Amino acid sequence: MNVCPLCNGLRQITVYCSYCRQPMEDQGKITDYFDDYSPYMDGDLMKLVDGYPYTYTNHECVHLFYCPHCQEEEVRFIKE
């Protein structure tokens, strides 16, 4: 069974904004923002509808990162 190290608190990473080079904040899985019930759905099932065709087969969790300095958002693929 594969688990996301960020979602499960096993690891922290620092992502820097590609625009202003300031540290970004992890806002969690992108699929959690789909609707009110998305955070409670099965993670593997949500990977089939997340808009990225290989997240399920590559065991990747798609995280949204937000820059509080310039308000930019970036998506990063986290290996499970």
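Just wondering, is there one or more residues in the range 41-48 that are hydrophobic (A, V, I, L, M, F, W, C) and crowded, with 16+ Cβ neighbours inside 10 Å? Show your work before the answer.
Filtering the range 41-48 down to residues hydrophobic (A, V, I, L, M, F, W, C) leaves 41, 45-46, 48.
Narrowing the set further to residues that are crowded, with 16+ Cβ neighbours inside 10 Å leaves 46.
Checking the range 41-48: at least one residue is hydrophobic (A, V, I, L, M, F, W, C) and crowded, with 16+ Cβ neighbours inside 10 Å.
Specify which of the listed residues (THR14, THR55) is surrounded by 15 or more Cβ atoms within 10 Å (Cβ to Cβ), among the polar types (S, T, N, Q), part of a loop (DSSP other than H, G, I, E, B) and at pLDDT 95 or above.
Criteria check complete, one pass: THR55.
Can you work out which of the residues in the range 20-35 that are modelled with pLDDT of 95 or more and acidic (Asp, Glu) is farthest from CYS4 (Cα to Cα)?
Across the range 20-35, the extreme among qualifying residues is GLU25.
The values are calculated or read from the model by the stated rules, or taken from the named source; none is laboratory data. Not measured: the values here are computed from a predicted model. Positions of Cβ are backbone-derived with ideal geometry, glycine not excepted, and every protein chain shown enters the neighbour counts.
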